[in-house]
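Student: Once you've had a glance at the structure underneath, I'll fire off some questions.
Throughout, read-outs are computed from the coordinates displayed, never taken from laboratory work. Since the model is a prediction, treat every value here as computed from it, not as a measurement. Here Cβ is always computed from backbone atoms with ideal geometry, including for glycine, and neighbour counts include all displayed protein chains.
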Amino acid sequence: MNDSNINNIPEIYADIAQKSIDIGFNMPSDLYVGTLLKTLVASKPQGNFLELGTGIGLSLSWMVDGMDKNSSLTTIDNDPELIGIANQYFGHDTRIKLICADGTDWIKQYEGPLFNLVFADAWPGKYSETGQILDLISIGGFYVVDDMSQQPNWPEGHEDNVQGLISYLEKRADFTITKLDWSTGLIIAVKSF
Ligand SMILES: C[S@@+](CC[C@H](N)C(=O)[O-])C[C@H]1O[C@@H](n2cnc3c(N)ncnc32)[C@H](O)[C@@H]1O
């Protein structure tokens with residue numbers, strides 16, 4: 001599989017990808033996790049979705065493409081400049097809530113409905129507050145993380161964080177997990193009870 005086999009790319013994606021290059025955003029997600037997110041989101045009509053780590057909206061564009069008109073999505077980033085740019089692309093869509101906040105604070109304060117899918121693409125919800133975020137997923141809902149395979153940009157010792165997350169997920173009896181050699185190495189976990 002290479003990039004040219006992925007043909008369901010959101011219309012807005014090329015603009016956002018160019019903007020990422022223009023502003024030097026160096027943590028973009030790739031097409032592979034994008035297409036998977038769109039597929040999983042599409043499996044949850046009238047879904048309630050959460051993304052931790054908006055960036056400027058690359059993965060968000062895929063998730064939005066998979067949503068039906070009665071779904072809603074909350075996306076969080078602690079960088080006001082990035083949220084400002086994402087807002088230019090998605091601010092008109094009333095299904096989407098773009099929030100500039102620290103992910104840890106946001107997770108601790110959240111009291112709304114459970115989520116049908118969480119894409120945890122920032123430290124909070126992935127390497128911290130993992131238990132809390134998993135508790136916010138509804139039965140049958142997905143927890144998705146990428147960057148699980150060794151990446152050239154990992155800081156020294158990061159493999160311990162990744163191994164810790166994998167071990168934690170494997171111990172959660174209420175989640176069924178699959179590790180995928182796809183994109184940057186993904187884990188999909190489904191809440192089963
Ligand atoms: C891997 S990038 C997200 C990439 C994005 N999902 C995409 O598709 O391009 C991680 C993001 O998390 C944000 N971030 C880092 N620490 C955070 C925190 N404590 N709370 C919320 N967001 C945070 C960064 O500003 C960055 O945009």
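Student: When segment 75-103 is examined, which residues are found to be out of contact with any Ser or Thr (no Cβ under 6 Å at 6 or more places or on another chain), polar (S, T, N, Q) and within 14 Å of the ligand (Cβ to nearest atom)?
Tutor: 78, 87
Student: Restricting the search to segment 98-128, which residues are crowded, with 21+ Cβ neighbours inside 10 Å and not small (Gly, Ala, Ser)?
Tutor: Matches in segment 98-128: 98, 107, 115, 116, 117, 118, 119, 121, 124, 126.
Student: Somewhere in segment 139-147, is a residue in contact (Cβ under 8 Å) with a residue 24 or more places away in the chain, in contact with an Asp or Glu (Cβ under 8 Å, 6 or more places away or on another chain), among the aliphatic types (A, V, I, L, M) and in a loop (DSSP other than H, G, I, E, B)?
Tutor: No, segment 139-147 contains no residue that is in contact (Cβ under 8 Å) with a residue 24 or more places away in the chain, in contact with an Asp or Glu (Cβ under 8 Å, 6 or more places away or on another chain), among the aliphatic types (A, V, I, L, M) and in a loop (DSSP other than H, G, I, E, B).
Student: Just to verify a result, which residue in segment 13-38, among those that are of a type in the set (Ser, Thr, Tyr) and either over 13 Å from the mean Cα position of the chain (by Cα) or within 10 Å of the ligand (Cβ to nearest atom) (or both), is surrounded by the most Cβ atoms within 10 Å (Cβ to Cβ)?
Tutor: The selected residue is 29.
Student: Considering each of 71, 43, 59, 4 in turn, give the residue that is within 12 Å of the ligand (Cβ to nearest atom) and either of a type outside the set (A, V, I, L, M) or farther than 19 Å from residue 136 by Cβ (or both).
Tutor: Answer to the selection: 59.
Student: Please go through segment 38-57 and give me each residue that is touching a Gly at 6+ places or on another chain (Cβ under 7 Å) and in contact (Cβ under 8 Å) with a residue 40 or more places away in the chain, ordered by number.
Tutor: Correct list: 41, 52.
Student: Okay, next question. Kindly provide the set of residues from segment 108-138 that are away from the ligand (no atom under 13 Å from the Cβ), of a type in the set (A, V, I, L, M, F, W, C) and closer than 18 Å to residue 73 by Cβ, ordered by number.
Tutor: Matches in segment 108-138: 114, 115, 117, 136, 137.
Student: Please go through segment 173-193 and pick out each residue that is within 16 Å of the chain's Cα centre (by Cα) and either acidic (Asp, Glu) or assigned to a loop (DSSP other than H, G, I, E, B) (or both).
Tutor: Within segment 173-193, 182, 183, 184, 185 meet the criteria.
Student: Right, next: Return the pairs, sorted by first residue and then second, in which the second residue is small (Gly, Ala, Ser) and outside any loop (DSSP other than H, G, I, E, B), the first residue lies in segment 106-119 and is more than 11 Å from residue 52 (Cβ to Cβ), the beta carbons are less than 9 Å apart, and the residues are 6+ apart or on different chains.
Tutor: Qualifying pairs under 9 Å: 113/138; 114/138; 114/141; 116/138; 116/140; 116/141; 117/141.
Student: Would a scan of segment 63-73 turn up a residue that is of a type outside the set (Asp, Glu) and touching an Asp or Glu at 6+ places or on another chain (Cβ under 6 Å)?
Tutor: For segment 63-73, residues of a type outside the set (Asp, Glu) and touching an Asp or Glu at 6+ places or on another chain (Cβ under 6 Å): absent.
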